[in-house]
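Reading through the structure tokens given below for one structure.
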Amino acid sequence: MKFLVFRKYKDIPNTYVDLSLLVFLAIMAIFNFPSVAIAIAVFGFIWLHEIGHVREAHKLGYPCKEITLYIVGGAAFIPLCPSDYKSELKVGWAGPWVSLQLAGIFAILGGLAEWIFPLIAPGFYVACFLNAMIVGFNLLPVIPMDGGRILRGSLGYWGFDLMQRNKAMLRISLVVGCIACITFFIYQLYFTSLLLVLVLVISFMEYRFVNDYYEQLKLLLLTHTVEYGNPPSLDELEHIERTLAKNMLE
Ligand SMILES: [Zn+2]
């Protein structure tokens, strides 16, 4: 169950808040009211981060239907073709870039506030820190995190084909994810460990998704070739890929 909190405006899609997040905020409000303000700020920053992805995807011709904020973070549903590694890299980087800029802006504001109104400076520093954390966590080289997508996109530039990229990312995700998981568990950061287990599950699901996509794409190309007597042109190929990615995500 999710609730609409922002109605579509230009290239920013409908934004929903999942029930899990609302319950979490309500519990926080009961036990520790001031922490709700920080939690809302965090999810506000995550939303801006997602808008970074969404706007870049929109520019590249992949309109996003919705953004949803869950207790574990935000998700923008962008029907990106797994074969389009150039867009994957650009869209993947667009979110962390927004968070990095926000961290920079809040650092500067904090510095200025120390001169003019020192009392509010710590607030800006906290905002800077939160955005830096969002950048750090998202740049883990693990699918479905942005770092994983950036790495998978980059592998395309280094000559890896779709299936090689997909296999390489599953292996990298498993190794990095397991090391991070064990580390967080040793330091008793159980919530973060749990989050990473979830990330690893999604990583495997994404691996399966790209495999299915590839199999279906091969079939569609074969059908096209038989039907029209010649393989699809580049434009037709792009259309086939985009339609397939969109249908598979819906
Ligand atoms: Zn992101």
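The table below lists the values:
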quantity: Cα-projected label distance for LEU249 with LEU19, points at 7 Å along beta-carbon direction, nm; calculated: 2.6 nm
quantity: Length gained when the stretch LEU194-GLN216 is fully extended (0.36 nm per residue, less Cα-Cα span); calculated: 4.6 nm
quantity: Spacing of the two label points (7 Å from each Cα toward its C-beta) at ALA39 and ASN230, in nm; calculated: 6.1 nm
quantity: Residue order, fewest to most beta carbons within 10 Å, for HIS49, HIS58, HIS239; calculated: HIS239, HIS58, HIS49
quantity: Packing-based exposure ordering (other Cβ within 10 Å, fewest first) of ASP212, ASP18, ASP84; calculated: ASP212, ASP18, ASP84
quantity: Relative exposure of THR15, THR225, judged by other C-beta atoms within 10 Å (fewest first); calculated: THR225, THR15
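Taken together, the values in this text are just the output of simple stated rules run on the coordinates, not laboratory data. For clarity, every value in this text was computed on a predicted model and none was experimentally measured. Neighbour counts run over all protein chains shown; Cβ positions are idealised from the backbone, glycine included.
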